[in-house]
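Asks: Handing you this structure, nothing more for now.
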Amino acid sequence: MAKIRNIIFSTLVVILAVLVFLILGQGGKLPFSVIASLGIGFALLGIVLIALTVRLKESKMQKIFFILTGGSAAGIPACAILHNVVYALFFHEKGGGDEAVFFILAIIVLPALFVIGTIGSLAMLIYAAKLKTKSEK
């Protein structure tokens, strides 16, 4: 089960990298279907990562980093959708202003937490591999 979780973790990192490079390379001119499918896949893999991490018996620190990564992966598309919904319901007809909370979460806070969780998860995986190698000798 840990191998499956690591594959899902790797897939999350690759999807985020591909999405960022596609958006930056295309100047934001990607079809909506591509962005939506990558976002939905990213969110679903984040949820699966959380579920697998909760089931595994690992150190508390390793679980924290994997749950942080999965939660932020699931939260990025959710906050982007909530930003648009809240704007459409409350701000669109009033002619002024914009909803900033979900926007800042989706663009700044959650991607930063994803990077922190990814780096921490990788560090913990490397540390666990070194401990396993030492114990085998």
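Asks: Need the failing condition index for V20 against (1) surrounded by fewer than 19 Cβ atoms within 10 Å (Cβ to Cβ); (2) more than 21 Å from I107 (Cβ to Cβ); (3) within 14 Å of the chain's Cα centre (by Cα), just the number.
Replies: (2)
Asks: Continuing with the same structure: Within the range 21-41, count every residue that is among the small types (G, A, S) and either touching a Leu at 6+ places or on another chain (Cβ under 6 Å) or modelled with pLDDT of 75 or more (or both).
Replies: Looking only at that region, the number is 5.
Asks: Ok, one more. May I ask you to say which residue of T11, T69 is β-branched (V, I, T), touching a Leu at 6+ places or on another chain (Cβ under 7 Å) and touching a residue at least 60 places away in the same chain (Cβ under 8 Å)? Step through it out loud before you land on a result.
Replies: Values: T11 fails: touching a residue at least 60 places away in the same chain (Cβ under 8 Å).
Answer to the check: T69.
Asks: I would also like to ask the following. Any residue in the range 54-61 that is in contact with a Leu (Cβ under 8 Å, 6 or more places away or on another chain), assigned to a helix (DSSP H, G or I) and either at pLDDT 90 or above or within 19 Å of T11 (Cβ to Cβ) (or both)?
Replies: Residues of the range 54-61 that are in contact with a Leu (Cβ under 8 Å, 6 or more places away or on another chain), as a first pass: none.
No, the range 54-61 contains no residue that is in contact with a Leu (Cβ under 8 Å, 6 or more places away or on another chain), assigned to a helix (DSSP H, G or I) and either at pLDDT 90 or above or within 19 Å of T11 (Cβ to Cβ) (or both).
Asks: Criterion first (in contact with a Ser or Thr (Cβ under 9 Å, 6 or more places away or on another chain) and at pLDDT 85 or above) does L44 satisfy it?
Replies: No: the conditions fail for L44.
Asks: Can you spot a residue in the range 85-108 that is aromatic (F, W, Y), more than 16 Å from N6 (Cβ to Cβ), exposed (fewer than 14 other Cβ atoms within 10 Å of the Cβ) and in contact with a Gly (Cβ under 6 Å, 6 or more places away or on another chain)?
Replies: Looking through the range 85-108, at least one residue is aromatic (F, W, Y), more than 16 Å from N6 (Cβ to Cβ), exposed (fewer than 14 other Cβ atoms within 10 Å of the Cβ) and in contact with a Gly (Cβ under 6 Å, 6 or more places away or on another chain).
Asks: So, in the range 109-122, of the ones that are surrounded by fewer than 18 Cβ atoms within 10 Å (Cβ to Cβ) and either in contact with a His (Cβ under 8 Å, 6 or more places away or on another chain) or not β-branched (V, I, T) (or both), which residue ends up nearest to A78 (Cα to Cα)?
Replies: Here the answer is P111.
Asks: Looking only at the range 85-129, count how many residues are farther than 13 Å from Q62 by Cα and touching a residue at least 24 places away in the same chain (Cβ under 8 Å).
Replies: Residues meeting the conditions: 7.
The values are calculated or read from the model by the stated rules, or taken from the named source; none is laboratory data. Everything numeric in this text was worked out from a predicted model, so none of it was measured. Because the Cβ atoms are built from the backbone with ideal geometry, glycine has one as well, and the counts that use them run over all protein chains shown.
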